[in-house]
1. Being assigned by TED's automatic domain parsing to the domain that holds T74 and without any contact (Cβ under 8 Å) to a residue 60 or more places away in the chain narrows it down to one residue among G171, G128, G179; which is it?
2. Is it fair to say D115 is charged (D, E, K, R) and crowded, with 16+ Cβ neighbours inside 10 Å?
3. Which residue is surrounded by the most Cβ atoms within 10 Å (Cβ to Cβ), if the candidates are limited to the range 559-614 and must be among the polar types (S, T, N, Q) and not in a strand (DSSP E or B)?
4. Name, by its number, the condition in (1) at pLDDT below 95; (2) under 27 Å from R278 (Cβ atoms) that does not hold for P529.
5. Within the range 38-59, is even one residue surrounded by fewer than 20 Cβ atoms within 10 Å (Cβ to Cβ), in a loop (DSSP other than H, G, I, E, B) and at positive phi?
6. What is the number of the single condition among (1) surrounded by fewer than 18 Cβ atoms within 10 Å (Cβ to Cβ); (2) touching a residue at least 12 places away in the same chain (Cβ under 8 Å); (3) more than 25 Å from the chain's Cα centre (by Cα) that T290 does not meet?
7. Which of (1) at pLDDT 95 or above; (2) exposed (fewer than 12 other Cβ atoms within 10 Å of the Cβ) is the odd one out, the single condition D310 does not satisfy?
8. Do we have L622 as among the aliphatic types (A, V, I, L, M), closer than 30 Å to V281 by Cβ and at pLDDT 95 or above here?
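The values are calculated or read from the model by the stated rules, or taken from the named source; none is laboratory data. None of these values were measured; they are calculated from a predicted model. Because the Cβ atoms are built from the backbone with ideal geometry, glycine has one as well, and the counts that use them run over all protein chains shown.
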Amino acid sequence: MLQFKHEDKVFETDNGSMTLHEVIKSLGIDSKKAIAANFNGEPRDLSASVSTSGEVSAITVDSPEGLEILRHSTAHLMAQAILRLYPGSHFGVGPAIKDGFYYDVDVAGTITEEDLPKIEAEMRKISGAAEKVTREDMSKADALKFFADDPYKTELITDIDAETVSVYKQGEYADLCRGPHVESTAKLHNFKLLTIAGAYWRGDEHNKMLTRIYGTAFATPDELKEYLRRMEEAKLRDHRKLGKDLDLFSLHEEGPGFPFFHPKGMAIMNTLIDFWRREHVKRGYTEIKTPQILDRELWMRSGHWDHYRDNMYFTEIDEKPYAIKPMNCPGSILVYKTQLRSYRELPMRLAELGCVHRHERSGVLHGLMRVRCFTQDDSHTYITPEQIKDEVLAIMELDRYVYTDVFGFKYTVELSTRPEDSMGTDEQWEAAESALRDALESTGTPYTINPGDGAFYGPKIDFHLEDCIGRTWQCGTIQLDFQMPGRFDVKYIGEDGAEHTPVMIHRVVFGSIERFMGILIEHYAGAFPYWLAPVQVKIIPIASDHMDYARELQSEFMDWGLRVEIDSREEKLGRKIRDAQMQKVPYMLVVGDKEKEARTVGVRKRSEGDLGSMSLDAFRELLSKEFNPIH
């Protein structure tokens with residue numbers, strides 16, 4: 001007798017085995033949206049036979065787990081279509097990822113983005129044919145024979161630490177895979193192939209470059225349609241294109257991963273820095289600056305050598321090894337240690353706009369979002385254990401103000417716990433994680449747990465911003481560190497007159513100023529708010545006779561603290577206005593004979609159009625009503 005349970009439902013049968021699809025139906029679970037099932041907590045195919053009693057629940061296609069299965073199954077569907085169109089192709093890995101899937105392919109021939117519709121059409125043929133998807137468990141020896149002509153699968157099988165492996169088959173296509181998968185290709189309808197890129201096999205630049213094909217899949221056609229709409233919107237907002245069009249920054253082969261900022265880009269960066277400094281001074285931070293190159297021994301002491309050296313750059317000075325800093329924390333500690341500190345000085349908040357360098361593979365570099373050199377808006381705060389909660393709450397409030405009040409982002413919060421590669425004792429980690437959890441829960445802040453994703457020296461709270469088209473970006477972080485102060489013998493004199501080791505908080509708000517700029521470019525589609533715009537006012541003289549008045553205005557406006565330009569080109573007025581609008585300038589001031597005579601300006605606002613003629617005092621009053629967190 002087999003007994004199956006789901007919540008308060010129980011189903012018993014004399015059958016020796018049943019498929020999970022049959023079990024779900026027998027339990028009265030709605031199976032229309034089921035794409036797989038959990039059996040005793042393990043995800044399994046609906047077609048899997050079970051011959052022991054257990055607890056059963058459906059994995060629905062609209063759940064995160066179900067959507068991942070749908071996307072991974074669609075990756076297999078794509079691979080089968082490629083195999084039909086490009087016989088002799090071999091396949092690397094094809095996982096589901098956020099918003100879709102990809103497959104790395106050693107193509108027998110060449111695939112370009114122009115070929116994607118042809119592959120999609122073949123995928124739809126296979127879907128329409130309702131190919132049955134089956135699983136077969138094999139010994140490693142049998143699997144190596146089965147995939148004998150596939151160097152990628154044989155390498156993966158050899159590396160698997162298990163006696164058996166599972167293989168999924170549909171039609172002429174077979175793949176090494178854990179599963180689960182859909183029962184039939186007929187379940188796969190709402191998909192779209194997106195882009196092509198290159199990817200080294202297993203991420204190693206010494207291996208062969210494969211063709212990585214990205215796609216997406218959703219449970220319903222409406223969800224797919226909405227996603228594709230957002231993708232088109234994202235293309236229009238691409239910070240690399242807008243950065244070029246708006247003359248903000250450039251990227252050059254002479255420095256891959258090292259962006260070059262133009263005057264307008266620097267205007268934005270400096271405005272962000274001015275805002276950052278103002279808010280930090282108000283909150284009791286003091287700013288420091290530490291060197292970019294420091295003795296390698298320092299990085300060994302901090303733990304970066306053991307846990308982070310693959311991402312670091314090195315050099316020699318006087319035949320002695322040095323490292324270019326990937327992080328600012330060891331330098332901050334050296335500043336702290338220049339004096340013996342008292343508990344009365346704590347919290348000591350040492351902030352730094354530190355330029356750091358981290359090695360990234362060329363294949364993952366992406367505009368300002370993934371670079372090799374960036375400015376980290378760090379702070380390292382030294383506190384007593386009793387001050388942890390209040391300090392974390394103060395940082396959370398700073399983050400809320402910056403993200404929501406100033407930039408208008410919604411955000412979510414994540415608590416990342418101890419990774420496998422970590423320093424410290426169980427007791428220290430439990431205390432640190434409990435302290436962060438207590439701070440979050442005391443404010444009623446909703447959060448999720450990201451297990452194993454903490455820093456090697458401590459757990460952290462991460463802030464994920466949501467932009468205007470629904471994408472999320474991890475920016476701020478609060479990292480609680482019981483380890484590094486001890487490794488550097490950092491002390492303070494307590495109220496009892498004895499030496500104590502402080503706790504250290506590593507914290508960023510923007511994260512990387514360069515990356516945050518990239519996020520803002522895309523969030524605002526280049527139309528920055530007035531206070532942040534690289535050019536706040538564009539003066540447009542109608543003719544050359546009006547240039548003297550335009551220059552007078554520019555001088556006065558600069559005295560007001562405005563970033564202002566004159567369009568001195570010999571172009572028609574309409575062209576000048578259109579170009580200023582394309583450059584997304586918040587205010588355009590047209591000046592001609594009438595304005596020169598009356599000392600007025602014809603005001604056009606980017607978002608509202610023609611506002612009419614104004615005196616300079618009236619225009620200044622209009623600007624004073626604009627949101628500006630710096631003034």
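1. Exactly one of G171, G128, G179 is assigned by TED's automatic domain parsing to the domain that holds T74 and without any contact (Cβ under 8 Å) to a residue 60 or more places away in the chain, namely G128.
2. Spelling it out, D115 is indeed charged (D, E, K, R) and crowded, with 16+ Cβ neighbours inside 10 Å.
3. For the range 559-614, the residue satisfying everything is Q583.
4. For P529, the failing item is (1).
5. yes
6. (1)
7. (1)
8. The answer is yes for L622.
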